[in-house]
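Okay, so here's the structure we're looking at.
Derivation of every value follows stated rules applied to the coordinates shown; laboratory data play no part. Owing to the predicted nature of the structure, the values given are computational and were not obtained by experimental measurement. With ideal geometry, Cβ positions are generated from the backbone for all residues, glycine too; neighbour counts draw on all protein chains shown.
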Amino acid sequence: MTTGAVLATGALTAAPAQAVTTPTITAKGGYVMNGSTGATLFTKAADTKRLTASTTKIMTAKVVLSQTNLNLDTKVTIRKEVSDYIVSKGASSARLIVGDKVTVRQLLYGMMLPSGCDAAMALADKFGSGTTVKARTANFIGKMNTMARSLGMTNTHFDSFDGISNGANYSTPRDLTKLARSTMKSATFKSVVKTKSYTAKTITKTGATRTMAAWKNTNALLGWNGTLGIKTGSGTEAKYCLVFAATVNGESVMGAVLTASSEANRTADVKKLINYGYARIS
């Protein structure tokens, strides 16, 4: 068989890296980078601002983990305002109980696995400054925006600690991937987001130990083809989002999809992008 015939029949076994077919995704926005170098591997409307839903909680974790002299075992008492907020918003919850003492570490698990907006609010209240819950959470959101600027997230603005937008909560696939790359440098964060299930033991008002129902990670892709995390998001307007990180044989890819039309489409999109990312690197 001649070389020309081989090319015509597609019988070549090893295609050069640049010949990898670029995937088509259903999500309105997508981005993938080489996690090691930061080099761009895929873009689709990567700089178009969109609602971020609960992927916002990555930034909440980033701000908490960036506190000086952070003690993950510090206990936080769950306030009634947290419960009132969850009820008023109909928000996703880690089912934290008013009066219980919960450690910062446990709150990170409660926020990142079952996507607890109660855990996010408790953290924002704990690490924001001010004399009221409202003032402290607003101050914390200010810290989220300061952090975004410091990370070069030029098309991002946060107006909530959990992604329930008040009209000005947006980011882009590229910006969220920058955030993911930075936050995954934290061993604590990396350990939290790759956990499939976590059972917290909290301290009740009376000093007894309460064993919480297990918190299950909302990210069904964990463990698939080296997937290490990071965070799902969904909402009526935001549709389905996912910020992801995966590593196989030392090859690291990170990325984000925003505004996928369904959970199934989001999963299919991310699988395509992870495989494509690996193929581009190798």
### Message
Rounding to the nearest 10 and keeping the result within 0 to 90°, find how far the Cα-based axis of helix 133-150 lies from the longest principal axis of the chain.
### Response
30
## Note on the structure
For the Ala39, Asn69 Cβ pair and Förster radius 35 Å, calculated FRET efficiency rounded to 0.05 is 0.50
### Rounded to whole Å, sorted largest first: equivalent-ellipsoid semi-axes of segment 146-274, Cα gyration tensor
26, 20, 16
### Summary
On the formula 1/(1 + (r/R0)^6), with r taken between the Cβ atoms of Ala208 and Ser150 and R0 of 30 Å, the FRET efficiency rounded to 0.05 is 0.10
### Task
Please give the calculated 222 nm ellipticity per residue for the chain, where each DSSP H segment of at least 4 residues contributes -39500 (n - 2.57) and the sum is spread over every residue; nearest 500 deg cm²/dmol?
-11000 deg cm²/dmol
### Query
In nanometres, what is the gap between the two model label sites at Thr22 and Ser282, each 7 Å from Cα along Cα-to-Cβ?
2.2
### Task
Would you grab the residues whose amide H sits under 5 Å from the one on Ser252? Only those 5+ places off in sequence or on another chain, please, with H modelled 1.01 Å from N.
Gly35, Ser36
### Message
Can you give the local net charge around Thr247? Use residues other than it whose beta-carbon is closer than 12 angstrom to its beta-carbon, Lys and Arg +1, Asp and Glu -1.
### Response
+1
### Query
If each of Val87 and Lys201 carries a label point 7 Å out from its Cα toward its Cβ, how far apart are those two points in nm?
3.1
#### Entry: Reachable lysines from Lys126, criterion Cα separation under 20 angstrom, eight or more residues apart if same chain
Lys57, Lys62, Lys75, Lys80, Lys101, Lys134, Lys143, Lys201, Lys205
### nm² value of the averaged projected area, convex hull over the Cα atoms of the chain
16.1
